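Undergrad: Supplied in structure tokens, the structure appears directly below.
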Ligand SMILES: [Zn+2]
Ligand SMILES: [Zn+2]
């Protein structure tokens, strides 16, 4: 999957003004992930082993795989997994923590809910995107200024991605923090006016602020 650098982040910021740029990036990158999966990875032993070791995709990513409509690919991944899951049902006992290299099936049997390969990939994309944003957005170079300009002309990060940025980076660019603060003030103000208008029986403008509130709170990734 493509390496995320300054240019990727800048392109995404410039291309998306109607939603969280990182959510939009993830949507596109996930689409490409499924394309690669269906056209090349699915038949390889390496991917099948990793898929088995993760005990398949999480529910969301399994559903999205299903939406791609590729019956052969789904069968190739999930039919062997069914065999293993049935076998795991009848196994008893604790995992052998001392065995140095566990087989993919053994790993899959004990895989946690966070083992999904695509969820892991998403976390890497998020860390890399946000890291680039902070690193390049913190310096007064032409690149840094271009990033700031593109960011502040856009929608800003959704709340979950902004929270992730704040928890991963103790210092974020001042302009970015200011932009996000203003965004939150504006969204809260618009919802307040909307509720006041409803209460007073005034006609409410279209463009429902509550929809924007929900998109901001939960992200603008579709599906
Ligand atoms: Zn987002
Ligand atoms: Zn997942």
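Undergrad: Answer yes or no: is there a residue in the range 208-219 that is within 16 Å of ligand 2 (Cβ to nearest atom) and modelled with pLDDT under 95.
TA: Checked the range 208-219: at least one residue is within 16 Å of ligand 2 (Cβ to nearest atom) and modelled with pLDDT under 95.
Undergrad: Kindly provide the set of residues from the range 17-26 that are crowded, with 18+ Cβ neighbours inside 10 Å and either under 13 Å from residue 122 (Cα atoms) or modelled with pLDDT under 95 (or both), ordered by number.
TA: Passing the criteria: 19, 22, 23, 24, 25, 26.
Undergrad: With respect to residue 172, determine if the residue is at negative phi and surrounded by 18 or more Cβ atoms within 10 Å (Cβ to Cβ).
TA: yes
Undergrad: Can you confirm whether the range 76-90 contains a residue that is more than 30 Å from residue 52 (Cβ to Cβ) and touching a residue at least 12 places away in the same chain (Cβ under 8 Å)?
TA: Within the range 76-90, none of the residues are more than 30 Å from residue 52 (Cβ to Cβ) and touching a residue at least 12 places away in the same chain (Cβ under 8 Å).
Undergrad: Out of 195, 165, which single residue is part of a helix (DSSP H, G or I), surrounded by 18 or more Cβ atoms within 10 Å (Cβ to Cβ) and more than 16 Å from ligand 2 (Cβ to nearest atom)?
TA: When all the criteria are applied, what remains is 165.
Undergrad: Kindly evaluate residue 220 against the criterion of being crowded, with 18+ Cβ neighbours inside 10 Å and not in a helix (DSSP H, G or I).
TA: yes
Undergrad: When you scan the range 110-154, how many residues do you find that are outside any helix (DSSP H, G or I), away from ligand 2 (no atom under 16 Å from the Cβ) and either surrounded by 13 or more Cβ atoms within 10 Å (Cβ to Cβ) or without any contact (Cβ under 8 Å) to a residue 60 or more places away in the chain (or both)?
TA: Result for the range 110-154: 6.
Undergrad: Considering only the range 55-84, how many residues are more than 15 Å from ligand 2 (Cβ to nearest atom) and under 23 Å from residue 26 (Cβ atoms)?
TA: Of the residues in that region, 4 qualify.
Undergrad: In a helix (DSSP H, G or I) and touching a helix residue (DSSP H, G or I) at 6+ places or on another chain (Cβ under 7 Å): which single residue out of 82, 13, 89 fits that description?
TA: From the options 82, 13, 89, the qualifying one is 13.
The values are calculated or read from the model by the stated rules, or taken from the named source; none is laboratory data. A quick note: this is a predicted structure, and the numbers were derived from the prediction, not measured. With ideal geometry, Cβ positions are generated from the backbone for all residues, glycine too; neighbour counts draw on all protein chains shown.
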